[in-house]
Amino acid sequence: MRHIAIVGSGPAGYYTAEAALKQWGDHVRVDIFDALPVPFGLIRSGVAPDHQHIKSVADRYESTALNSNVRFVGNVKLGRDLSVAELQGLYDAVILATGAPADRALDIPGANLGNVFGSAAFVGWYNGHPQFADLHPQLDADTAVVIGNGNVALDVARLLAKSPEEFEGTDIVAHALATFARSSVRRIVILGRRGPHQIAMTPKELAELAALRRSHPVVDPADLPPVEADAPLDVNLRKSLAYLRGFAIGPAPDRDEADAEEVVIEFDFLAAPHAILGIDGRVEAVEVERTRLETGPGGPKAAGTGELYRIPAGLVVSCIGYQATPIPDIPYDEQGGRFANVDGRIRPGLYCVGWARRGPTGTIGSNRPDGFSVIDKVASDLPDNLGKSGRAGFDAMAEERDLKVVKFTDWQKIEEAEVAAARNGSPREKFVAVERMIEAAART
Ligand code: NAP
């Protein structure tokens, strides 16, 4: 018998559990830990609320979760309730599937001003993550600046641009829906420090921007390279460029003449944030430095030109990537924002998968091969039957420490209550407070 602990119940955690079941069948016991009483990590707290089709992948995890050789051990937090060393004492292998939940720091003056948020916080807020429920972003100014040219920047810009009706059928939480419905934001500027050929935005997500009801995206034609220059690009990037070219219909409309409801989403390329300026502790403008591309060993780099200009803005969301949260005594790769590992192995007995292993890149599906390859390593590193106590040992420790463990069947009760509380047409109304989740789990 093998006893495996997976820390983190997002896609990487569940794909790894699925791989363990494939590898050992009834000869393995897998416990999947999560700090929250609810499973599925990024699917619940990261994927945009209007991307329900992506969230349906959780059905696949549910079939793994319901296998009797797998347990969900919710509401148990590493560092608070037990340590990695203690887990290693109980289980043959500990696999960190803790993702990359922290924002990469926006290292410019003024980044700590009020109403300046990292995407982990802002996305966590509109997705009802308990940690960010009290963020209270103010959407009372005409202009918002979104920093970064990846898909998270597109998610944030899209949600800021939506009319209340466009949230129908989504599971956006009530507090965020109410804030978006009252929003005064009518101009969203997306800053990219490099050019259109260097974007990390994918075509499907750009297409969604083009399909918004009251908003229109605008690219300055002067920012686009000549069309022939797109030919050598990878096929997806070429498709993305086709969208940007479609958005290049001229300068953004004059805000004074625009329909009061209309929202303009402006792409500003070759534009690096230089400083955030504030008044009374809150952002009032972003100072931007015009850049030019310089060729470097890893591809074109943004170099400052010294030319500065200001964008008056009352909200800034920095979507410049994420990083794993370091854990004491576990080697960490600062530059990659992940645990130091070789193909998922931190050391024999301790592994990492998903964003904790690779850094915050790739699609949800990229985590599946990751999980399978790490389970192969566990199989080759460790003999069968190390004599660890596994589940029984953890259960004894949980009782001794009076941990309020939430099981998968408890989560199903939470889910049932969330579905019952849903607004018309919405799949669920998420609980945003851990105490409410635990209360729902305790109901008979
Ligand atoms: P990302 O794709 O790595 O994009 C980060 C962006 O931030 C890049 O444009 C980067 O520019 C820019 N940036 C980094 N540091 C900066 C700085 N100091 N100043 C200004 N700009 C800076 O990260 P992400 O958008 O967070 O997405 C993470 C992963 O999740 C990606 O794989 C993404 O595709 C995926 N995702 C997918 C979906 C979807 O499929 N619908 C939705 C959301 C996220 P440089 O290129 O110049 O470094």
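Note down all Cβ pairs under 8 Å where the first residue falls in region 140-169 and is on the phi > 0 side of the Ramachandran plot, the second is assigned to a helix (DSSP H, G or I), and they're at least six residues apart or on different chains.
Once the first residue is on the phi > 0 side of the Ramachandran plot and sits in region 140-169, its partners that are assigned to a helix (DSSP H, G or I) give GLY148/SER119; GLY169/GLN52.
Scan region 41-52 and tell me whether some residue there is farther than 18 Å from VAL123 by Cα and surrounded by 18 or more Cβ atoms within 10 Å (Cβ to Cβ).
Among the residues of region 41-52, not one is farther than 18 Å from VAL123 by Cα and surrounded by 18 or more Cβ atoms within 10 Å (Cβ to Cβ), which makes the answer no.
Take region 86-110 and flag every residue that is aliphatic (A, V, I, L, M) and under 30 Å from ALA313 (Cβ atoms).
Within region 86-110, ALA100, ALA102, ALA105, LEU106, ILE108 meet the criteria.
Can you pull out every residue in region 317-355 that is polar (S, T, N, Q), in contact with a strand residue (DSSP E or B) (Cβ under 6 Å, 6 or more places away or on another chain) and closer than 25 Å to ALA272 by Cβ?
If the condition is that a residue be polar (S, T, N, Q), in contact with a strand residue (DSSP E or B) (Cβ under 6 Å, 6 or more places away or on another chain) and closer than 25 Å to ALA272 by Cβ, then SER318, GLN323 are the ones that fit.
Please work out which one of (1) basic (Lys, Arg); (2) within 12 Å of the ligand (Cβ to nearest atom); (3) closer than 29 Å to ARG423 by Cβ is the condition ARG193 fails and give its number.
All conditions pass for ARG193, except number (3).
Go through GLY321, GLY354 for me and flag whichever is closer than 17 Å to ALA19 by Cβ and within 16 Å of the ligand (Cβ to nearest atom).
None of the other options fit; the residue is GLY354.
Tell me the strands (runs of 3 or more DSSP E) entirely within region 307-379 that contain at least 1 residues that are surrounded by fewer than 24 Cβ atoms within 10 Å (Cβ to Cβ) and not basic (Lys, Arg).
345-347, 350-352
Return the total of residues in region 116-156 being assigned to a loop (DSSP other than H, G, I, E, B) and either at pLDDT below 95 or of a type in the set (Gly, Ala, Ser) (or both).
Looking only at that region, the number is 4.
Considering each of ALA417, ALA422 in turn, give the residue that is outside any helix (DSSP H, G or I) and not aromatic (Phe, Trp, Tyr).
Sole residue among the options that is outside any helix (DSSP H, G or I) and not aromatic (Phe, Trp, Tyr): ALA422.
What are the residues in region 65-78 that are in contact with a Pro (Cβ under 9 Å, 6 or more places away or on another chain) and farther than 18 Å from VAL434 by Cα, if any?
Of everything in region 65-78, just one residue is in contact with a Pro (Cβ under 9 Å, 6 or more places away or on another chain) and farther than 18 Å from VAL434 by Cα, namely ALA65.
Of these, ALA181, ALA161, which one is surrounded by 21 or more Cβ atoms within 10 Å (Cβ to Cβ) and more than 11 Å from the ligand (Cβ to nearest atom)?
Being surrounded by 21 or more Cβ atoms within 10 Å (Cβ to Cβ) and more than 11 Å from the ligand (Cβ to nearest atom) holds for just one of ALA181, ALA161, which is ALA161.
For region 180-211, how many residues meet the condition of being within 20 Å of GLU165 (Cβ to Cβ), under 22 Å from the mean Cα position of the chain (by Cα) and of a type in the set (A, V, I, L, M, F, W, C)?
Total satisfying the criteria: 4.
For (1) out of contact with any Gly (no Cβ under 8 Å at 6 or more places or on another chain); (2) within 16 Å of the ligand (Cβ to nearest atom); (3) in contact (Cβ under 8 Å) with a residue 40 or more places away in the chain, each residue gets a yes or a no:
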residue: SER9; (1), (2), (3): no, no, yes
residue: ALA12; (1), (2), (3): no, yes, yes
residue: THR16; (1), (2), (3): no, no, yes
residue: ALA19; (1), (2), (3): no, no, yes
residue: GLN23; (1), (2), (3): yes, no, yes
residue: VAL28; (1), (2), (3): yes, no, yes
residue: LEU36; (1), (2), (3): no, no, yes
residue: LEU42; (1), (2), (3): no, yes, yes
residue: SER56; (1), (2), (3): yes, yes, no
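Sort out which residues of region 295-318 are away from the ligand (no atom under 12 Å from the Cβ) and either among the small types (Gly, Ala, Ser) or out of contact with any Phe, Trp or Tyr (no Cβ under 9 Å at 6 or more places or on another chain) (or both), and write them in order of number.
Correct list: THR295, PRO297, THR305, GLY306, GLU307, LEU308, TYR309, ARG310, ILE311, PRO312, ALA313, GLY314.
Starting from region 91-114, keep only residues that are over 30 Å from GLU289 (Cβ atoms), then list their pairs with residues that are polar (S, T, N, Q) and within 16 Å of the ligand (Cβ to nearest atom) whose Cβ atoms are within a distance under 9 Å, requiring at least 6 positions of separation or different chains.
Going by the 9 Å Cβ cut-off, the qualifying pairs are ALA97/ASN367; THR98/THR325; GLY99/THR325.
Could you tell me which numbered condition ARG310 fails, if it satisfies all but one of (1) under 27 Å from the mean Cα position of the chain (by Cα); (2) modelled with pLDDT of 95 or more?
Of everything listed in (1) under 27 Å from the mean Cα position of the chain (by Cα); (2) modelled with pLDDT of 95 or more, ARG310 misses just condition (1).
Are any residues in region 88-109 in a loop (DSSP other than H, G, I, E, B) and crowded, with 18+ Cβ neighbours inside 10 Å, and if so, which ones?
TYR91, ASP92, ALA97, THR98, GLY99, ALA100, PRO101, ARG104, LEU106, listed by residue number.
Among the residues of region 161-179 satisfying the criterion of being more than 19 Å from the chain's Cα centre (by Cα) and not in a helix (DSSP H, G or I), which is nearest to VAL288 (Cα to Cα)?
Here the answer is LYS162.
The values are calculated or read from the model by the stated rules, or taken from the named source; none is laboratory data. Everything quoted here is computed from the prediction, not taken from an experiment. No Cβ is skipped: glycine too gets one built from the backbone with ideal geometry, and neighbour counts run over all protein chains shown.
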